[in-house]
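First the structure, in the form of structure tokens, and then the observations on it.
The values are calculated or read from the model by the stated rules, or taken from the named source; none is laboratory data. None of these values were measured; they are calculated from a predicted model. Cβ placement follows ideal geometry from the backbone for every residue including glycine, while neighbour counts extend to all protein chains displayed. For accessibility, only protein heavy atoms count, side chains too; no ligands or nucleic acids. Shrake-Rupley method; radii C 1.70, N 1.55, O 1.52, S 1.80 Å.
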Amino acid sequence: MTDVLEKARKLLARKGVALAAALLVLAIVAASIALPKLLAESVPEITYSAFSRELAEKKVTKVLVEGKGLSVTIGDRTAFVRLPSGLVSTETIDRMTAAGAEVDFTKPGFDPAHVASILVPLVLVGAVLVLLAVQTDFKPASRWPRVIRNIPDRFDNVAGQNEAKAELQEVIAFLKDSEAFTKVGARIPRGLLMIGPPGTGKTLIAKALAGEAGVSFLAVSGSDFSAPLVGVAKGRVSKLFQQARKRAPCLIFIDEIDAIGRKRGGGGSSAADREFEGTLNQLLVEMDGFNTTEGVIVIGATNRVDVLDPALLRPGRFDRQVHVGLPDIAGREAILEVHAKNVKLAPGIDLSTIARGTPGFSGADLGNLLNEAAIFAARENAAAITRDHLEAARNKIIMGLERRTLAISPEERRLVAVHEAGHALCACLVSGSDKVHSATIVPHGQALGLVMRLPEHDRFCIPVEKLEADLVVAMGGRAAEEVVFGPKKVTTGAASDIAQATDIVTRMVTEWGMSPAIGMVRVARQGENLPREVEQEIRRIIEEMYDAAKACIEENRDRLDALVDALLEHETIDGDEVRRIVAEQVERLAA
Ligand code: ADP
Ligand code: ZN
């Protein structure tokens with residue numbers, strides 16, 4: 001029952017302005033029809049014959065010639081006489097004068113009915129214009145921020161992204177029952193950032209979070225705060241938080257938060273700079289101002305944490321980060337399964353094959369793929385989506401991806417796999433390296449692939465043995481490229497490995513006294529440059545590490561190839577799998 005009332009109330013609120021507009025227009029139209037009549041009929045009308053008779057009896061004292069007829073005074077009453085054409089002939093005028101009537105003419109504009117017939121449409125047009133202005137001016141403001149209640153999305157609709165989902169369980173528990181947390185003084189995040197490329201499901205996850213917790217979802221975008229009017233953006237920030245408090249417990253979702261949270265320019269002085277800083281400051285003030293007991297959580301989404309103002313990331317603000325990455329093969333298959341529920345696939349279509357054929361696709365791209373395929377099928381009036389439809393859709397989407405320079409060709413994919421396998425192999429075999437946590441050829445930020453290693457414990461003093469192991473692992477990517485494809489085929493993919501290695505070796509030589517040739521002295525830069533013998537020493541050490549990596553890979557070519565195959569097959573493999581593959585190859589060699 002309350003549901004129905006609530007719905008009616010909402011409908012009224014939403015349709016209210018439109019309803020009022022329609023009523024007003026109706027009223028004006030009715031008035032425009034009735035008004036001239038009312039004005040005309042306020043004087044009784046008599047027939048021309050009756051008037052003629054009165055005239056003949058000389059009872060007419062006054063005649064006022066108006067646009068459509070005559071206003072006549074007979075004795076002490078007035079009456080209106082219609083004329084056939086609305087015109088009075090001179091003959092009639094003479095006759096009236098002869099009968100003793102005083103004849104006069106109104107100025108054309110002064111006919112009240114005439115005036116009304118001009119004025120009413122004018123008023124009408126004016127009213128419509130005012131209404132339109134009211135609609136465009138106030139409607140968006142009154143509907144901002146967009147609030148969604150009873151969100152249907154659940155974590156089940158989000159395929160993969162298990163780490164993000166696990167990370168958010170605590171937030172759900174808090175939103176469901178904030179008292180249980182605050183009672184014991186548990187500190188709950190106020191803000192968290194979801195970081196990842198577009199289309200990976202950040203909005204979807206945030207919505208599902210609100211759905212799981214059963215709280216309202218207030219959705220805004222960073223670009224909502226780039227209003228051209230001074231103070232508007234700042235006001236919107238206040239309004240957002242004010243609305244959120246009213247609807248607590250609830251979740252605020254700020255998409256593209258980088259649009260509002262960019263690093264503040266070093267004291268930029270233009271009006272736009274000041275406006276921007278004012279808005280960001282307001283956001284910081286609001287974040288600090290609300291109490292975690294209020295049950296409001298703010299989630300920001302961005303692809304670029306690096307551009308965010310560090311003040312936003314301080315404790316008590318957006319101090320938690322959840323990474324939402326592009327899906328690997330298994331993830332893509334799961335996403336396809338979710339979206340396949342809405343379309344009709346021909347029998348025999350295997351989603352895992354599609355998943356394999358769509359490297360670099362985001363969740364949104366995959367949703368699109370099935371949708372496009374369905375459109376192709378519908379155009380052909382087909383009963384279900386066939387392999388050809390899927391192929392056509394895939395090609396269409398890949399073209400879009402290429403424009404975004406995200407699509408990976410099969411050759412590139414193999415190259416990335418070899419490079420990452422090189423890192424992973426060295427990390428397994430070089431003593432002193434941290435354990436491999438996972439290896440992937442799914443793009444992460446700027447990197448086309450990644451081998452993640454986890455230190456077993458925090459280190460404060462790093463032995464030279466560990467530094468050298470890290471260097472060999474860093475060189476392992478390029479070394480594998482050279483061993484597999486030849487020296488002419490190596491690529492630009494090792495740039496960050498080289499930068500990282502150069503950094504470490506430079507410090508080994510100039511700060512940490514680890515080069516026998518230079519000895520234990522601190523070497524200062526001379527302007528941009530290091531002394532020649534230091535440069536040479538850095539070069540020698542890096543080359544030595546590179547040779548060690550190359551030797552490791554040449555000696556273990558089977559293991560490298562097995563890792564490459566596994567990466568191409570699964571895209572992401574965890575540390576245990578990496579170690580299993582490497583060990584298995586050892587056994588096979590021994591047998
Ligand atoms: P983002 O906010 O990261 O740009 P969205 O949440 O807007 O991405 O994702 C757009 C659409 O892509 C979603 O509505 C959904 O249909 C689809 N999608 C993305 N990721 C997933 C996923 N993990 N599982 C299911 N669908 C997904
Ligand atoms: Zn690398």
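Could you check the simple spin-label distance between Lys396 and Asp273, using points 7 Å along Cα→Cβ, in nm with one decimal?
Result for the modelled spin labels: 4.7 nm.
What residues qualify as long-range amide H neighbours of Asn303, i.e. H under 5 Å apart, gap of 5 or more or another chain, H built at 1.01 Å from N?
Here the answer is Gly196, since their amide H atoms fall under 5 Å of that of Asn303.
Pull out the extension gain between Asn162 and Arg187, defined as 0.36 nm times the separation in residues minus the alpha carbon to alpha carbon distance; nm, one decimal.
Roughly 6.6 nm would be gained on extension.
Which length gain, in nm to one decimal place, applies between Arg459 and Ala583 when the Cα-Cα distance is subtracted from 0.36 nm times their residue separation?
41.9 nm
Based solely on C-alpha atoms, express the radius of gyration and the Dmax of the range 243-390 in angstrom.
22.0, 64
If I model a spin label as a point 7 Å beyond the Cα along the Cα-Cβ vector, how far apart are those points for Thr47 and Ala346 in nm?
8.5
In whole Hz and in residue order, list the ³J(HN,Hα) couplings for the range 370-380 that follow from phi through the Karplus curve 6.51 cos²θ - 1.76 cosθ + 1.60, θ = phi - 60°; x for Gly and Pro.
Values, residue by residue: 5, 5, 4, 4, 5, 5, 4, 5, 5, 4, 8 Hz.
Give the accessible area for Glu411 in Å² (nearest 10); use a 1.4 Å probe, count only protein heavy atoms, and leave out ligands, DNA and RNA.
Glu411 has an accessible surface of roughly 130 Å² with all protein chains in place.
Hey, any idea what % of the range 146-323's accessible area is carbon plus sulfur with a 1.4 Å probe?
C and S fraction of accessible area: 48 percent.
As a quick test, which of the pairs Lys207/Lys341; Lys207/Lys246; Lys435/Lys550; Lys488/Lys550; Lys176/Lys239 have an alpha carbon distance above 22 angstrom in this structure?
Lys176/Lys239
When the chain is fully extended, how far beyond the present Cα-Cα distance does Leu119 get from Glu511, taking 0.36 nm per residue of separation?
That pair, Leu119 and Glu511, stretches by 132.2 nm at full extension.
As a test, work out the antiparallel percent of DSSP beta bridges whose residues both lie in the range 146-323, rounded to the nearest 5.
So the antiparallel bridges amount to about 15 percent of the total.
Calculate the radius of gyration of the Cα atoms of the range 316-379 to one decimal place, then report Dmax, the largest Cα-Cα distance, as a whole number, both in Å.
So, for the range 316-379, Rg and Dmax equal 14.6, 53 Å respectively.
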